[in-house]
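The values are calculated or read from the model by the stated rules, or taken from the named source; none is laboratory data. Just so it is clear, the model here is predicted, and its values are computed rather than measured. Using ideal geometry, Cβ is built from the backbone for each residue, glycine included, and neighbour counts are taken over all protein chains shown.
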Amino acid sequence: MRTRILRFGLYADEQGLAWVREIVDRTVGSRSARIITADVARAYPDSDLTAAEMYDFLAEQWAFEHPGQNSGEREAVELRIHLACSLRTWRVIRKAAIKTLCPEGTAPHACRVPWCA
């Protein structure tokens, strides 16, 4: 097994981050994979680019889907989860997590936590 990384750009507060992390934990727990580390990145190593710049469209999406509402403590971040698993298992985990993040598929809806994978 190799180390593989799941990356999710999120526009979330602490509760939103916990919700997404719980989704990934459940998804990984039901497969033959192991989480090595998980961290929240606000900047990219060896770059001047920040997560806020990279995922600025997620803040715009939230504002469009929640007009007039205060975004509170939400910020654009990247959740990085390092897994020990096969490529096939990584693909299954990624697909299952995305399906759980966006259960309505392509139909118009408001995301609980705007995301990008």
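Listed here are the residues, each with its yes/no results for (1) modelled with pLDDT under 95; (2) surrounded by 16 or more Cβ atoms within 10 Å (Cβ to Cβ).
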| site | (1), (2) |
| --- | --- |
| G29 | yes, no |
| R42 | yes, no |
| Y55 | yes, yes |
| E65 | yes, no |
| N70 | yes, no |
| I81 | no, yes |
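Which condition breaks for T50 when tested against (1) buried (at least 16 other Cβ atoms within 10 Å of the Cβ); (2) modelled with pLDDT under 95; (3) of a type in the set (S, T, Y); (4) under 15 Å from the mean Cα position of the chain (by Cα)?
(4)
From (1) among the hydroxyl-bearing types (S, T, Y); (2) closer than 16 Å to A117 by Cβ; (3) more than 18 Å from the chain's Cα centre (by Cα), pick out the condition that doesn't hold for S30.
Answer for S30: the failing condition is (2).
Just one of A110, A97 is modelled with pLDDT under 95, on the phi < 0 side of the Ramachandran plot and surrounded by fewer than 17 Cβ atoms within 10 Å (Cβ to Cβ); which is it?
Result: A110 is the single residue among A110, A97 that is modelled with pLDDT under 95, on the phi < 0 side of the Ramachandran plot and surrounded by fewer than 17 Cβ atoms within 10 Å (Cβ to Cβ).
List, please: which pairs have Cβ atoms under 6 Å, are six or more places apart or on different chains, and start with a residue in region 69-87 that is touching a residue at least 12 places away in the same chain (Cβ under 8 Å) and among the aromatic types (F, W, Y) and end with one that is surrounded by 14 or more Cβ atoms within 10 Å (Cβ to Cβ) and not in a strand (DSSP E or B)?
Taking only residues 6 or more apart or on different chains, not a single pair turns up.
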